[in-house]
Amino acid sequence: MTTEPAECGKLAHYLTVLGNALDRFLTFRHPDAMQQPARWRSVLERPLPSSGIGIDAVMEELTHTLIPNGSAIPNPGSTAFITTGATTIGALATLAGAVASPQRLTLNAFTFLEEQSLDWLVELFRLPPAMKGLYSSGGSVANLVALGAARQQAFESLGIDPARQGIPGPGCLYASSASHHSIHRAAAVLGLGREAVITIATDPQGRMIPAALERQLEEDRARDRVPVAVVANAGTTSTGAIDPLHAIGTLAHRYDTWFHVDGAYGLPGILDPRVRHRYAGLELADSVIVDPHKWLGAPVGIGATFVRDRALLQRAFTQGASDYLERSCTQATAHHSLDNLGIPYSDFGVELSAPARGAVVWALLREIGADGLRARVCRHNAMARQVAERADAHPHLEVLQRPTLSICCFRYVAAGCPDLDALNARIHRALVRHGRNMPSTALVNGQLAIRPCFVGARTGESQASALVDEVLTLGERLAQGASPDTDMDASNSGSMPPITR
Ligand SMILES: Cc1ncc(COP(=O)(O)O)c(C=O)c1O
């Protein structure tokens, strides 16, 4: 069956069908997708269809085959990645944008919110007020864009335009050993090379050591390489550590080097009065990134870069004039949304076609406001502290890294156990298979930790104690030599309470 052009006037009906299926999914009473993979693969694995089956039949497959076999990541007990399920308003705003404003080009109500929401984020996260932003697909691209600006500045100061001419000699980035690997990839993409990332040592809490950075910057003065940027973390991926931003920013500027802060995960932590002081020095940043698709609960695909001077981004990333757009827009008038291409975001980064992400961030913040987000961040940070307090108080638990933000790294300990890393790895695998509390693991100073990262909008306080309880139960069983198969028996029964939000 084929229906072209696509039908109009049916969205309300299909949204109800879709909404019901997604609400059911979010109760997590279904088994994990990998419990019975043959069931959904046998429906989905087909040759390219030569004729269509029509929207009703596709909706049937979407609601009965895809959605019930979706990801475990949106489960409130999933604390493994710094990724969450989208909040309801985030998902709805994304859908609205996809239908009503499929580009951030042209001037309309959706694209208007691009700039306003970026400005809101500057205010919310206390960034230098003059900073201007750009959305992209996530933290990796946001870092790439920021470091592209850094590269532009570093080589322009030597009379070279790297965007036009390429780079004539080696440049380098300074980042701690706890930095996200998207920094290394950005170095590769920007033509600096992965080996241009000079690793600066961290202290036992995973924070960059300013004295080590200073030594390296001093040594490098004599070397023939251009310092492009110093990268600091406002919330590392493994442990949530926040580098000493003020000391690092001061050093970067003393050595005439761009100061970049990766706050993909941790920037919203500044909303929590208990940790706000750790962000002192953010005001020195030349660029900062944050991922609304992490703590803000946006659907995946939204990162943001902020710089002091967007003209620099334009010089680094401009597309150049194009015949295909010649005289399509007047720019001068505003009688029609197509008259004006709007702010040239596509010249500030690496994407031309891009969704209107600002409307999603606008919707998230309109729904709960700065106070609502602050409450969420404080709740998650308190949950990490709660895990640490329980671990401190229990003879069979040990904190390996005290929480700065919403991550707590801890492990089960058993007297006489010859290999605690192996024991904790088994506990972790059993947790994931049971499907109620699903943290990740991380190596902390060489020891394997169980690592919950609480960022999900649907993740409530009871999840912290539920995780600790389950680790204790499993630890006791596995330390006594129960076979891993016994752990797997308690298959993913998905006994989560219904989700109302
Ligand atoms: C500190 C940090 N920076 C960058 C990234 C990359 O973000 P994305 O996965 O959105 O590309 C992550 C991802 O977890 C991160 O934790």
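The values are calculated or read from the model by the stated rules, or taken from the named source; none is laboratory data. Only a predicted model underlies this, so the values are computations on that prediction, with no experimental measurement involved. Here Cβ is always computed from backbone atoms with ideal geometry, including for glycine, and neighbour counts include all displayed protein chains. Calculation scope for accessible area: heavy atoms of the full protein, side chains included, ligands and nucleic acids excluded. Shrake-Rupley method; radii C 1.70, N 1.55, O 1.52, S 1.80 Å.
Odds and ends about this structure:
- For the stretch 396-410, backbone phi angles converted through the Karplus equation (6.51, -1.76, 1.60; θ = phi - 60°) give residue-by-residue couplings of 9, 10, 9, 7, 9, 8, 5, x, 9, 10, 9, 10, 10, 9, 9 Hz, Gly and Pro being listed as x.
- At an R0 of 35 angstrom, the distance between the Cβ atoms of residue 29 and residue 51 translates into a FRET efficiency of 0.45.
- Sorting the segments 192-205, 339-352 by their residues' average number of neighbouring beta-carbon atoms within 10 angstrom, most packed first, yields 339-352, 192-205.
- Accessible area per residue, Å², the chain with all protein chains present, probe 1.4 Å: 46
- Taking N as its residue count, the alpha carbon Rg of the stretch 101-356 over 2.2 N^0.38 Å: 1.02
- A full extension of the chain between residue 327 and residue 116 corresponds to an added length of 73.2 nm, given 0.36 nm per residue minus the alpha carbon distance.
- Ratio Rg/Rh [Cα only; Rh per Kirkwood] for the stretch 176-298: 0.96
- Value of Rg to Rh for the stretch 278-429 (Rh from inverse mean 1/r over Cα pairs, i.e. Kirkwood): 1.17
- Between residue 225 and residue 250, the FRET efficiency estimated from the beta carbon spacing at R0 = 35 angstrom works out to 0.95.
- The stretch 119-196: projected area of the alpha-carbon convex hull, averaged over directions, in nm²: 6.2
- Placing a label point 7 Å from the Cα of residue 385 along the Cα-to-Cβ direction, the residues of the stretch 229-245 with a backbone N closer than 17 Å are 240-242.
- For residue 441, distant residues with modelled amide H under 5 Å away: 451
- Mean residue ellipticity at 222 nm, helices only, the chain: -12500 deg cm²/dmol; runs of at least 4 DSSP H residues each add -39,500 (n - 2.57), and the sum is divided by the number of residues.
- The orientation-averaged projection of the convex hull spanning the C-alpha atoms of the chain amounts to 27.0 square nanometres.
- Convex hull per residue volume in Å³, alpha carbons only, for the stretch 1-70: 83
- Between residue 311 and residue 188, the simple spin-label model (points 7 angstrom out along Cα→Cβ) gives 3.5 nm.
- Here the Karplus relation 6.51 cos²θ - 1.76 cosθ + 1.60, evaluated at θ = phi - 60°, turns the backbone of the stretch 300-313 into coupling constants of 4, x, 9, x, 9, 10, 10, 9, 7, 9, 6, 4, 5, 4 Hz, with x for every Gly and Pro.
- As a fraction of the 1.4 Å probe accessible area of the chain, surface on carbon and sulfur atoms comes out at 56 percent.
- The coefficient of translational diffusion for the stretch 314-363, derived via Stokes-Einstein from the alpha carbon Kirkwood radius under 4 °C and 1.567 mPa s, stands at 103 µm²/s.
- Whole-Hz Karplus values for the stretch 208-213 come out as 4, 8, x, 5, 5, 5 Hz, taken residue by residue from phi with 6.51 cos²θ - 1.76 cosθ + 1.60 and θ = phi - 60°; glycine and proline positions read x.
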